[in-house]
1. How many of the residues making up the range 80-99 are part of a helix (DSSP H, G or I) and over 14 Å from H119 (Cβ atoms)?
2. Kindly state which helices (runs of 4 or more DSSP H) lie completely within the range 147-243 and contain at least 2 residues that are more than 29 Å from K129 (Cα to Cα).
3. For the range 251-292, name all the residues that are more than 17 Å from V234 (Cα to Cα) and either among the aromatic types (F, W, Y) or in contact with a strand residue (DSSP E or B) (Cβ under 6 Å, 6 or more places away or on another chain) (or both).
4. Would you point out which residue out of A270, A240 is crowded, with 17+ Cβ neighbours inside 10 Å and modelled with pLDDT of 95 or more?
5. Checking the structure you have, find out if any residue of the range 110-127 is in a helix (DSSP H, G or I), among the acidic types (D, E), surrounded by fewer than 19 Cβ atoms within 10 Å (Cβ to Cβ) and touching a Ser or Thr at 6+ places or on another chain (Cβ under 8 Å).
6. State yes or no: is D249 assigned to a helix (DSSP H, G or I), closer than 26 Å to L168 by Cβ and of a type in the set (D, E)?
7. Do we find a residue being in contact with a helix residue (DSSP H, G or I) (Cβ under 7 Å, 6 or more places away or on another chain), exposed (fewer than 14 other Cβ atoms within 10 Å of the Cβ) and aliphatic (A, V, I, L, M) anywhere in the range 190-205?
8. Among the candidates P99, P145, P113, which residue alone is at pLDDT 95 or above and over 22 Å from the mean Cα position of the chain (by Cα)?
Amino acid sequence: MRARNHLHWFAPAALVLLSVEIVRAAPPTAPPAQAAASTAQPSPAAARATPAASAKAAPRSAPQSATSVLAAAEQKLASEDPAAVRHAIDALAQVGGEPAAAAIAARLRRGLPPQLIEHAIDALGRIGKPSAGPVLIELTLHRRPQVRKRAVDGLAALKIRSAQSVLLYALDDPSADVREAAVQALGATGTARALPALFEAAERGLPSALGAVGRIAGARDVKVVMAHAKDGDVTRIKPALQIMLERSDFPVAAKVAIVRELATLGSGSARNHLVQWLDAWKASSDPRLRQALFDAIKRLDRDDETAPPRAKTPVAAAPVARPEVAAVVAAPHGAKP
């Protein structure tokens, strides 16, 4: 009976204690005003997470923005108002990409006011897509030399190697500015096939063509370039040789070959240029090139010392007049011999 009575009073007491512990563990109930404030203001952790979430969401809207700008620019591009067209070209150049380049190229083919053609060509250069090459090639035949020059410049900026034939044709353009632009473009994008035309252009009064030769000539073209040193005159081709020797992408072995070819010429101009290059590159060029220059100069000096003295050119004797001719010359005027 005592055990039963003990259990009888213990069970209600345990329930009371359990309810007290539950009440203590439960969070205090906030007043209505505080509850509303807590729902209105995010927690510090939520506040810190909000910028990150918005930053992640920003790139998703970027393509839509670029697309809308592109669509608006294309719509303005069809306008007849030059100011609106210029604004559209600038917007497309800023957006960039193939669609923008294609839109400007299409507008050029449809026709643009003269004052906007060069602006559109510059925009294609800023966009930098090779797909603009065909329309630039077409513009190298434009009636205005300014447009032809700008189109050639654009081909050079985009490095359109397939346009070499067009650039070679531009070397004979009536405009000197276009010819000069073609030389520079070939120097930037040309191949060894352009070397003969560039040498001809140099002979026709475009000395910068020799610089283009130096920029595009390869190791296999050393003898081709040296063949233009007529009568051992290296001064004619020095601009090309200078660039070839200074190029970082030109093999050192090919540079040494140039120096040896100059030593083989044995001319005074060859020695002068070798000395100038050795003095200029004492500390900046490859040691193998400096040694080749030194050896070539030493060889030329040794050849001069061991060479036999040149025979003096004999002076032609005065012709002896025949007796009858001398008599006529000596006789007074009108007298008979």
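The values are calculated or read from the model by the stated rules, or taken from the named source; none is laboratory data. Bear in mind that the values here come from a model prediction, so they are computed numbers and not experimental data. A quick note on method: Cβ atoms are made from the backbone with ideal geometry, for glycine too, and the neighbour counts reach across all protein chains shown.
1. Here is the first cut: in the range 80-99, the ones part of a helix (DSSP H, G or I) are 82-95, 98-99.
Those still in the list that are over 14 Å from H119 (Cβ atoms) too: 95, 98-99.
Result for the range 80-99: 3.
2. On the way: elements: 164-170, 176-189, 195-203, 208-216, 222-226.
So the answer is 195-203, 222-226.
3. The one that is more than 17 Å from V234 (Cα to Cα) and either among the aromatic types (F, W, Y) or in contact with a strand residue (DSSP E or B) (Cβ under 6 Å, 6 or more places away or on another chain) (or both): W281.
4. Working: A270 fails: modelled with pLDDT of 95 or more.
After ruling out the rest, the residue left standing is A240.
5. Step one: of the range 110-127, the residues in a helix (DSSP H, G or I) are 110, 114-127.
Of the ones still in play, those that are also among the acidic types (D, E) are 118, 122.
Within this subset, residues satisfying the condition of being surrounded by fewer than 19 Cβ atoms within 10 Å (Cβ to Cβ) are 122.
With touching a Ser or Thr at 6+ places or on another chain (Cβ under 8 Å) added as a condition, the list becomes none.
Scanning the range 110-127 turns up no residue that is in a helix (DSSP H, G or I), among the acidic types (D, E), surrounded by fewer than 19 Cβ atoms within 10 Å (Cβ to Cβ) and touching a Ser or Thr at 6+ places or on another chain (Cβ under 8 Å).
6. Details: assigned to a helix (DSSP H, G or I): no; closer than 26 Å to L168 by Cβ: yes; of a type in the set (D, E): yes.
Answer is no for this residue.
7. Yes, because at least one residue in the range 190-205 is in contact with a helix residue (DSSP H, G or I) (Cβ under 7 Å, 6 or more places away or on another chain), exposed (fewer than 14 other Cβ atoms within 10 Å of the Cβ) and aliphatic (A, V, I, L, M).
8. Details: P99 fails: at pLDDT 95 or above; P113 fails: at pLDDT 95 or above.
None of the other options fit; the residue is P145.
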